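Please read the structure below before turning to the comments.
The values are calculated or read from the model by the stated rules, or taken from the named source; none is laboratory data. It should be emphasised that the depicted structure is a prediction, and the values quoted were computed from it without experimental measurement. Backbone-built Cβ (ideal geometry, glycine too); neighbour counts: all protein chains shown. Side chains included, ligands, DNA and RNA excluded: accessible areas come from the protein's heavy atoms. Shrake-Rupley method; radii C 1.70, N 1.55, O 1.52, S 1.80 Å.
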Amino acid sequence: MSPQLLTEITVFILAVFVGFEVISKVPSMLHTPLMSATNAIHGIVVVGAMLIAGASIGGTVGQAIGLAAMVLATINVVGGFAVTGRMLQMFKAKAGPKA
C-alpha cells in the first residue's frame with residue numbers, strides 16, 4: 001500500500017466520522033433542507049467528474065458528455081436550492097393580524 005493511498009484512506013475515514021457527527025447534531029426537522037442543500041453541492045461534484053470523463057474521451061462524445069454534465073448539474077443545483085428555499089419558508093413565522 002502506497003503512502004498516498006494510506007493518506008487518502010485516512011482522510012476518507014476522518015471525513016466519514018466528521019460527517020456523521022455533524023449530521024447527528026442537526027435536529028430532525030432540518031434534515032430535509034440540509035439534504036437538499038447537500039444535493040445542490042453534489043451537483044458541482046457531478047460536473048467535475050463528468051467534465052474530467054469528457055476530457056479524457058475527447059471529440060464529439062466528450063463534448064456530449066460535457067454538455068450532459070452541465071445540464072444535469074444545473075438541474076441538480078437549482079432544484080436543490082429551490083427545495084431548500086421552500087423548506088426554509090416553512091420555518092418562518094407567519095404574519096398575523098395586528099391588534
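Annotations
- Output for region 32-52, where each listed residue is open to solvent by less than 60 Å² (accessible area, probe 1.4 Å) and closer than 15 Å to Leu88 by Cβ: Pro33, Leu34, Ser36, Ala37, Ala40
- Qualifying residue in region 30-41 (condition: without any contact (Cβ under 8 Å) to a residue 12 or more places away in the chain and under 11 Å from Gly80 (Cα atoms)): yes
- Those residues of region 18-31 which are polar (S, T, N, Q) and open to solvent by 70 Å² or more (accessible area, probe 1.4 Å), in sequence order: Ser28
- Hits in region 56-74 - residues which are free of Cβ contacts under 8 Å to residues at least 12 places away in the same chain and open to solvent by 80 Å² or more (accessible area, probe 1.4 Å): Ser56, Ile57, Thr60, Val61, Gln63, Leu67
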